[in-house]
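The values are calculated or read from the model by the stated rules, or taken from the named source; none is laboratory data. From a predicted model like this one, the values you see are computed outputs, not experimental measurements. Methodologically, a virtual Cβ is constructed for each residue, glycine included, from the backbone with ideal geometry; neighbour enumeration extends over all protein chains shown. Protein only, heavy atoms only, side chains kept; ligands, DNA and RNA dropped before computing areas. Shrake-Rupley method; radii C 1.70, N 1.55, O 1.52, S 1.80 Å.
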Amino acid sequence: MGMLPSTEIESELSYAYLHTVASNAGMTCSLSTRQVDNLGIDATIRAKGLFSPTSLLRDVTLDIQLKATSDAYTIVDKRIAYFFKGINIYNKLRSPHNAVPQILVVLYLPENQTKWVKWSPESLVLRDCAWWVSLNGAPESSNSSGQTVYIPEKQHFNSDSLQKIICRLSRQEEILYEG
Amino acid sequence: MKDRELVEYMSTFVVPTAIRDYVKASKWTELSDEVKGRFWIYNSPVDEYTQVIIPKDITSDYGRVIWEIASRIAEVESNTIRAVLDVLVNPYSDILRFRIDSPDYLTGTLPVGIASNLFDGARKALLASACSVFNKTTHHPRMSYREAEDLLNVCKMGQTEIGSYIIKIVCPLNQLEESPFAKEGFPFAREATSLLMSSSNLLLTNIEEDSIDALVDSQKETPILSSNLCDAILQMNSGFDRSSLSISALWAPVAKCGKPESPTLLNFKPEYFPKVAEVSSLLKPQNTNKTDTFVGTVEKMLGTTGSEDRRSGDVVIAVLTEGESVTARANLNYDDYHTAWQAHDGDVKYVTFTAKLVRKPGKSADVLEEITNFKLFRTQ
């Protein structure tokens, strides 16, 4: 039986996490093509509905750059420091000139691979948790390989937070980097 | 490049105003509330929750945004994204498709000679229709109207499409000056494309109703179908034994003239082509080699000096006949050649003569025979 390398498994689990969260929030989630991937987009969330009384948009698209890691995370000043590899994609995500809003979602998995997924007759558990951050307006980097970005600790990526993001976008709010 | 990537690449050629015009023409309603940023937002005509957000400027993710918009329009129209982008890339153009359905060529490739006939036949079908806009006749001897050729020059051959063998001609409605012959408010290109569809439909309907004689009789009074169009249809099908030919039109969605009533899809079955040939033959003048008096201009002097140190021989004359300019070659004696030379180089530009005009289909020039009474023709 062919086995995926652990980095591929991390990546696949991050897609599964995103699909689960989006589906549970009543939204569709589609994977990107290679060309869109070059723009820093791994998946696209689409939500339709009347999100709030002041919503202008009823049909919201949100592009996602997905990352997954089994490195332990460190919290500095209530923010998770994450080293984002690939300065070109970083620059695309921080550009204020994108018409479709984009966020970065980082899934942190346990260091021990055997703990990533647990199945029982009662539940299927994927550990640990994903966080999200918008890089719109993030500072220019002087690095050539990547940039450390700071994700607010409170910004867990789950169905509730996704609905709140979509609600803000439906009011045409700009979600800026708060790192 | 994968199909979706190709489609996303195509989307970079769509301009924002083209999308706005398209969705407006398709009855999407603009959200005029306080839209933030440089966007137009339109609500779908069929679903209160489907919207498109059109950037007014080229954004850094422009191709991706246009793809998203096209996918929503496709969703509303139950169409493919590729087809929507075809229209968005050419919103001010009619698109004609000529499709050969042949079990012999399901792989999507054709012998070069057959493909060449298909392309040339499609070109001639449009040219014949453009000529018929100017001159409603059952036969165009040369199809040499300048305006018709101008139309062909601004039209573009689209990429062939998968699905048996489909070629596509994109006919822009806004690149030619308004022709004095076209109906008011109707671009000449639209006149030609709609006439192509309506006259082809007339042909098809009469073949199916077995009323070819009635069709030919009706064309004596008010001709809209030409033998040239019939020949073009036959040429497109030549080389195929068991194929059908579909002609379809996609009318420019944002044209101010609206959409014509002409049909948008016609299908000539394999057994129809002998009937098309029969109609073509009946529409052609039965006696084309008649003697007549002509007026023309001398275009080329090709004679040689003879024994009396005078020139004689071939000249090329542009002859006006049946409302069209026809190029014909004439062999002239010394005196007539001198007269031709006077017209060619002098102040009096025209000549008149009596001759038999012999048609030479497929040749660059017809032939004038039995020339008499060759003289200069002075206009008032």
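May I ask you to verify whether A:ILE41 is surrounded by 17 or more Cβ atoms within 10 Å (Cβ to Cβ), among the β-branched types (Val, Ile, Thr) and not in a loop (DSSP other than H, G, I, E, B)? Taking the combined requirement at face value, the residue does not satisfy it. B:ALA125 - would you say it is buried (at least 18 other Cβ atoms within 10 Å of the Cβ), in contact (Cβ under 8 Å) with a residue 40 or more places away in the chain and either more than 14 Å from chain A (Cβ to nearest Cβ) or part of a strand (DSSP E or B) (or both)? Yes; evaluated as a whole, the condition is true for this residue.
The condition of being part of a loop (DSSP other than H, G, I, E, B), touching a helix residue (DSSP H, G or I) at 6+ places or on another chain (Cβ under 8 Å) and under 30 Å from B:LEU31 (Cα atoms) holds for A:LEU57. In the stretch A:119-136, the condition of being more than 14 Å from every other protein chain (Cβ to nearest Cβ), touching a residue at least 60 places away in the same chain (Cβ under 8 Å), surrounded by 19 or more Cβ atoms within 10 Å (Cβ to Cβ) and in contact with a strand residue (DSSP E or B) (Cβ under 8 Å, 6 or more places away or on another chain) is met by at least one residue. Once the stretch B:136-168 is narrowed to residues that are out of contact with any Ser or Thr (no Cβ under 9 Å at 6 or more places or on another chain) and of a type in the set (S, T, N, Q), the residue that is surrounded by the most Cβ atoms within 10 Å (Cβ to Cβ) is B:THR160.
Of all residues in the stretch B:53-62, those satisfying the criterion of being under 36 Å from the mean Cα position of the chain (by Cα) and facing chain A (nearest Cβ under 8 Å) are B:PRO55, B:TYR62. Quick one: count up the residues across the stretch A:138-179 that are crowded, with 16+ Cβ neighbours inside 10 Å, of a type in the set (A, V, I, L, M, F, W, C) and touching a Ser or Thr at 6+ places or on another chain (Cβ under 8 Å). Adding up the residues that qualify gives 2.
As a summary of the residue check, A:TRP116 satisfies the conditions (1) open to solvent by less than 70 Å² (accessible area, probe 1.4 Å); (2) under 24 Å from A:SER55 (Cα atoms); (3) over 14 Å from the mean Cα position of the chain (by Cα) except for the one numbered (2). Could you please let me know if A:ASN91 is surrounded by 14 or more Cβ atoms within 10 Å (Cβ to Cβ) and part of a helix (DSSP H, G or I)? For A:ASN91, the condition - surrounded by 14 or more Cβ atoms within 10 Å (Cβ to Cβ) and part of a helix (DSSP H, G or I) - is met.
Determine, yes or no, whether A:LEU109 is open to solvent by 60 Å² or more (accessible area, probe 1.4 Å) and farther than 30 Å from B:VAL35 by Cβ. Answer is no for this residue. Of all residues in the stretch B:70-97, count the ones that are more than 10 Å from chain A (Cβ to nearest Cβ), free of Cβ contacts under 8 Å to residues at least 60 places away in the same chain, crowded, with 21+ Cβ neighbours inside 10 Å and more than 30 Å from B:MET236 (Cα to Cα). The total comes to 1.
Residues that are at pLDDT 90 or above, touching a Ser or Thr at 6+ places or on another chain (Cβ under 6 Å) and under 26 Å from A:LEU50 (Cα atoms) do not occur anywhere in the stretch B:32-39.
Determine if the stretch B:275-293 includes at least one residue that is charged (D, E, K, R) and within 30 Å of B:HIS344 (Cα to Cα). Yes, the stretch B:275-293 contains at least one residue that is charged (D, E, K, R) and within 30 Å of B:HIS344 (Cα to Cα).
To keep it simple, each residue is scored yes or no on (1) of a type outside the set (Val, Ile, Thr); (2) on the phi > 0 side of the Ramachandran plot; (3) under 23 Å from the mean Cα position of the chain (by Cα).
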position	(1), (2), (3)
B:SER280	yes, no, yes
B:LYS290	yes, no, no
B:VAL298	no, no, no
B:GLY303	yes, no, no
B:ARG311	yes, no, no
B:ALA328	yes, no, no
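Kindly indicate whether A:LEU50 is within 27 Å of B:ASP47 (Cα to Cα), exposed (fewer than 13 other Cβ atoms within 10 Å of the Cβ) and at pLDDT 90 or above. Yes. When B:LYS36, B:LYS56, B:LYS27 are checked against the criterion of being open to solvent by 10 Å² or more (accessible area, probe 1.4 Å) and in contact with a Phe, Trp or Tyr (Cβ under 8 Å, 6 or more places away or on another chain), a single residue qualifies: B:LYS56.
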